[in-house]
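J.: This structure is in structure tokens; I'll ask about it shortly.
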Amino acid sequence: MPRFLAALVVWTVCAGYAAADKPRWTMLVDIGEKQLEGTPLAWSRSQVMLLGRDGRLWDFAPGDSSNFRKVSSSFTSYSAAEMQAALLRELDGDLVVTGTGHYLVAHPRGKEAWAQRFEDLYRSCIHYFGLRKMRLHEPRFPLVAIVWGRREDFLRYAARQGTNVQPGVLGFYSPTSNRVTLYDQQASSPGRWEMNDATIIHEATHQMAFNTGVHNRFAPTPTWLAEGLGTMFEAPGVWDCFTHPSRRERVNRMRLAEFRAWAKRGRSQGDFVKLLGSDRMFRSNPGAAYSEAWAWTFFLTEIYPQKFGEYVRRVAARPDFEEYSVARRMADFTSVFGSDLRMLEKHFLNFIKGLD
């Protein structure tokens, strides 16, 4: 057994953890010229998954590491001040950083309002899920969002992070870095703040969900569920229910129109069953997949909120880094909502038809 893996086993046993449990001790390890500080979540002869103290997930081969040592019997996040200082060093004067209760937001100078917008969205998400009796926890790490003033800077930064941004993508949340990255579309096209709204709401919802226990960041989450929540929060009545309290204002008008167009031009009975078992539709027909995901998530949260909460908890409780098979995905859904998916779909279609 390589010395690195032998050390992991010894440290895990000494810390009182079984191999299948999540360790909570801290180590330092060198990967090339980079020194990482974090806690190992999983390891094998070919791969180590290390959670950094800044919330980033590192994936490396044991043979690529050196000079590893245990530095603490516990694991804690860097403080907000430590992370802010590191973020400023990383950005090297390109942006300034504003902190709020839960966020560190990097933004162009003079655009401090971005930070409060992220904090307000976080509170709206917490309020929404709290009303539906979903048990959430405080984020383990300060949440980082990076807002670029120009699309060119956004694309350049994404490329440095190893993210290939497709045409039309305005921003994204990365489960690996645990950051939201986007650019200020109003700065590029004055008067388009509503586009900023849709982008930050969608991506901030992902980040909030993966950091408060709605989703498990280290276990596969069905794409329809993650994107269904992201698209659902785009509606004013969801992310700002105090100002927009009616169900009508909770409807995502764009996604509803897309679903109805999809229903007319080729949707077949059972397409949702395909989404339940696989994420392939998001690659082969993304427009249809996103509209289907929104429609079903809205239906389930409106009609079966307690069952939906139970289902979300079931998915989030899956073991870290374990494959999520088609059979298991189907079983988790039907164990909560029942096995008669044909009748459930009939109810769903009548619900969607009645939306105005």
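The values are calculated or read from the model by the stated rules, or taken from the named source; none is laboratory data. Quick caveat, the model's predicted, so the values are computed rather than measured. FYI the Cβ positions are ideal-geometry reconstructions off the backbone, even for glycines, and counts take in every protein chain you see.
J.: Inside segment 46-65, can you point out the residues that are loosely packed, with under 12 Cβ neighbours inside 10 Å and either in the same structural domain as residue 174 (by TED's automatic domain parsing) or more than 22 Å from the chain's Cα centre (by Cα) (or both)?
T.: 46, 63
J.: Quick one: residue 159 ticks every box in (1) of a type in the set (A, V, I, L, M, F, W, C); (2) farther than 21 Å from residue 201 by Cβ; (3) touching a strand residue (DSSP E or B) at 6+ places or on another chain (Cβ under 9 Å) bar one, so which box is it?
T.: The single condition residue 159 does not satisfy is (3).
J.: Then there is this: Give me a count of the residues in segment 240-290 that are not aliphatic (A, V, I, L, M) and not in a helix (DSSP H, G or I).
T.: 17
The rows are residues; the columns are (1) of a type in the set (Gly, Ala, Ser); (2) within 18 Å of residue 348 (Cβ to Cβ).
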position	(1), (2)
253	no, no
257	yes, yes
265	no, no
276	no, yes
279	no, no
289	yes, yes
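J.: Could you list, in sequence order, the residues of segment 184-227 that are modelled with pLDDT of 95 or more and touching a strand residue (DSSP E or B) at 6+ places or on another chain (Cβ under 7 Å)?
T.: Correct list: 206, 207, 211, 218.
J.: So which residues in segment 75-100 are on the phi > 0 side of the Ramachandran plot and not charged (D, E, K, R)?
T.: The one that is on the phi > 0 side of the Ramachandran plot and not charged (D, E, K, R): 93.
J.: Still on this structure: Is at least one residue of segment 331-347 assigned to a helix (DSSP H, G or I), aromatic (Phe, Trp, Tyr) and surrounded by fewer than 18 Cβ atoms within 10 Å (Cβ to Cβ)?
T.: Yes, segment 331-347 contains at least one residue that is assigned to a helix (DSSP H, G or I), aromatic (Phe, Trp, Tyr) and surrounded by fewer than 18 Cβ atoms within 10 Å (Cβ to Cβ).
J.: Taking the condition of being charged (D, E, K, R) and surrounded by fewer than 15 Cβ atoms within 10 Å (Cβ to Cβ), how many residues in segment 239-257 meet it?
T.: 3
J.: One residue is enough: does segment 50-69 have a residue meeting the conditions in contact with a His (Cβ under 9 Å, 6 or more places away or on another chain), of a type in the set (Lys, Arg) and either at pLDDT 95 or above or within 29 Å of residue 182 (Cβ to Cβ) (or both)?
T.: Taking every residue of segment 50-69 in turn, none turns out to be in contact with a His (Cβ under 9 Å, 6 or more places away or on another chain), of a type in the set (Lys, Arg) and either at pLDDT 95 or above or within 29 Å of residue 182 (Cβ to Cβ) (or both).
J.: Shifting gears a bit: Can you tell me which of 248, 267, 318 is basic (Lys, Arg), under 24 Å from residue 130 (Cα atoms), in contact with a helix residue (DSSP H, G or I) (Cβ under 9 Å, 6 or more places away or on another chain) and modelled with pLDDT under 95?
T.: Matching residue, one of 248, 267, 318: 248.
J.: Criterion first (of a type in the set (Val, Ile, Thr) and either more than 24 Å from the chain's Cα centre (by Cα) or modelled with pLDDT under 95 (or both)) does residue 336 satisfy it?
T.: In short, no.
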